[in-house]
Amino acid sequence: MPHPYVLLSAAVSLDGYLDDTGPERLLLSGPADFDRVDEVRASVDAILVGAGTLRADNPRLLVNSPERRAARLAEGRTEYPLKVTVSGSGELDPAARFWHTGGEKVLYTTDEGAERARVLGIAADVVPLGAELDWRRLLEHLHAARGVRRLMVEGGGLIHTQLITQGLADELQLAVAPLFVGDPEAPRLFGPGAYQGGRLRLTGTRQVGDVVLMRYEPTAPGTGPLPSAADHHWLALACELAALCPPSATAFSVGAVVVAADGTELARGHSREGGDPVVHAEEAALAKADPTDPRLATATVYSSLEPCARRASRPASCVRLILDAGVRRVVTAWREPDTFVEGADGSGVLESGGATVVVLPEHEDRAKAPNGHLLGR
């Protein structure tokens with residue numbers, strides 16, 4: 001099921017700490033960066049912090065600018081984003097400022113935690129997730145039940161670590177402050193965990209006062225049937241490539257990208273690339289990849305449209321080319337309709353060949369856009 005775009009936001013010292021161990025919170029940012037954070041808060045549908053952050057900092061998590069709140073109302077949104085927290089135990093201070101400022105609040109917790117929170121009189125919509133906390137279920141509920149499309153996560157380090165290691169963070173906005181903490185007992189941004197391999201992609205840097213804001217997005221594909229945030233990034237790129245296709249009355253416009261397990265792009269292509277009127281996107285991409293590259297065995301092919309299982313213009317279908325290349329994971333946005341091939345089932349053929357197929361319908365409209373003339377739009 002779809003879930004929100006997840007933006008992790010944090011300020012850290014040069015040596016990677018979120019705070020020191022003193023009685024007062026260490027202010028890592030200055031006025032300019034606080035205003036930037038306020039701007040980001042105003043842009044999202046919900047803001048999330050963990051129970052540890054609530055206990056340590058007693059935050060309000062508000063949009064402070066009256067102009068930004070007024071702009072939200074003028075756009076038909078609530079004055080403040082939804083405020084969200086997560087606690088397995090449900091043991092939270094009912095007098096905390098979080099509950100008594102701003103707009104609506106949601107507490108995600110366990111079944112036992114929900115009972116405890118209700119006894120305490122926590123002023124929030126209490127949502128139990130079962131015996132244990134489940135981030136995917138939480139995000140899906142936020143999207144489906146509360147209409148959250150963009151979620152800003154402001155900590156703490158444990159939550160940031162969990163979302164990154166589970167492949168659920170779409171973006172990291174990191175403000176690096178020009179100071180050191182050096183206390184091994186102080187909280188760090190990220191803790192130990194089973195992180196995905198590969199390098200994140202740097203998408204932007206800028207100076208904000210005396211801190212440097214760096215923006216990153218993950219690149220490593222998911223594994224098996226569970227999609228990662230990077231799967232959405234790569235599939236969006238495949239949809240962009242589809243828009244480059246010369247239009248045709250007899251074939252779909254499709255984009256494809258081949259990505260190694262560490263997030264390295266191996267090849268890309270699109271339908272009718274290079275003036276070839278019958279080349280398919282997956283075919284064009286795989287033709288650029290080294291067939292002896294051992295990374296293909298753990299790579300993912302992203303295709304804006306389900307790869308073809310049958311075709312008349314070439315001896316081998318795209319499904320056959322994918323399987324023969326050794327690729328065993330395919331992510332697509334859209335099942336092939338019967339426009340040109342009756343009962344097309346590329347996914348079924350891929351799965352019978354031992355491949356995992358992941359369909360992300362959130363991208364279907366973008367995949368269909370360059371094919372509107374074929375779909376009666």
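The strands (runs of 3 or more DSSP E) found entirely in the range 179-297 that carry 2 or more residues being assigned by TED's automatic domain parsing to the domain that holds Val12 are 201-208, 211-217. Regarding the range 44-58, can at least one residue be identified that is in contact with a Ser or Thr (Cβ under 6 Å, 6 or more places away or on another chain), in a loop (DSSP other than H, G, I, E, B) and surrounded by fewer than 20 Cβ atoms within 10 Å (Cβ to Cβ)? Within the range 44-58 (the criterion being in contact with a Ser or Thr (Cβ under 6 Å, 6 or more places away or on another chain), in a loop (DSSP other than H, G, I, E, B) and surrounded by fewer than 20 Cβ atoms within 10 Å (Cβ to Cβ)), the answer is no, since none of the residues qualifies. In this structure, Arg116 does not satisfy being closer than 22 Å to Val40 by Cα, surrounded by fewer than 19 Cβ atoms within 10 Å (Cβ to Cβ) and in the same structural domain as Leu202 (by TED's automatic domain parsing). Among the conditions (1) within 28 Å of Arg36 (Cα to Cα); (2) not in a strand (DSSP E or B), Tyr108 misses just one, which is (2). Residues in the range 135-177 that are under 20 Å from Asp231 (Cα atoms), part of a loop (DSSP other than H, G, I, E, B) and not aliphatic (A, V, I, L, M): Arg149, Gln166, Gly167, Asp170.
Of all the residues that make up the range 92-130, how many are touching a Phe, Trp or Tyr at 6+ places or on another chain (Cβ under 9 Å), of a type in the set (D, E, K, R) and in contact (Cβ under 8 Å) with a residue 24 or more places away in the chain? So the count comes out to 2.
When restricted to residues that are farther than 23 Å from Val6 by Cβ, assigned to a loop (DSSP other than H, G, I, E, B) and aliphatic (A, V, I, L, M), the range 111-134 contains 3. The residue of the range 44-82 that is nearest to the chain's Cα centre (by Cα), among those that are of a type in the set (Asp, Glu) and more than 17 Å from Ala10 (Cα to Cα), is Asp45.
Residues checked against (1) out of contact with any helix residue (DSSP H, G or I) (no Cβ under 8 Å at 6 or more places or on another chain); (2) under 19 Å from Tyr216 (Cβ atoms); (3) crowded, with 21+ Cβ neighbours inside 10 Å:
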{"residue": "Pro4", "(1), (2), (3)": "no, yes, yes"}
{"residue": "Asp35", "(1), (2), (3)": "yes, no, no"}
{"residue": "Thr85", "(1), (2), (3)": "no, no, yes"}
{"residue": "Trp99", "(1), (2), (3)": "yes, no, no"}
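Go through the range 154-174 residue by residue and tally those that are under 21 Å from Asn58 (Cβ atoms), among the hydrophobic types (A, V, I, L, M, F, W, C) and touching a Leu at 6+ places or on another chain (Cβ under 6 Å).
0
Under 19 Å from Met214 (Cα atoms), buried (at least 18 other Cβ atoms within 10 Å of the Cβ), modelled with pLDDT of 95 or more and not aromatic (Phe, Trp, Tyr), is that true of Ala169? So Ala169 fits the description; yes.
A quick yes/no check of all residues on (1) surrounded by fewer than 19 Cβ atoms within 10 Å (Cβ to Cβ); (2) within 12 Å of the chain's Cα centre (by Cα):
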| position | (1), (2) |
| --- | --- |
| Val181 | no, no |
| Ala186 | yes, no |
| Ala194 | yes, no |
| Gly197 | yes, no |
| Thr205 | yes, no |
| Asp210 | yes, no |
| Pro218 | no, yes |
| Ala229 | no, yes |
| Glu240 | yes, no |
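The values are calculated or read from the model by the stated rules, or taken from the named source; none is laboratory data. Predicted, not measured: the structure shown is a model, and the values here were computed from it. With ideal geometry, Cβ positions are generated from the backbone for all residues, glycine too; neighbour counts draw on all protein chains shown.
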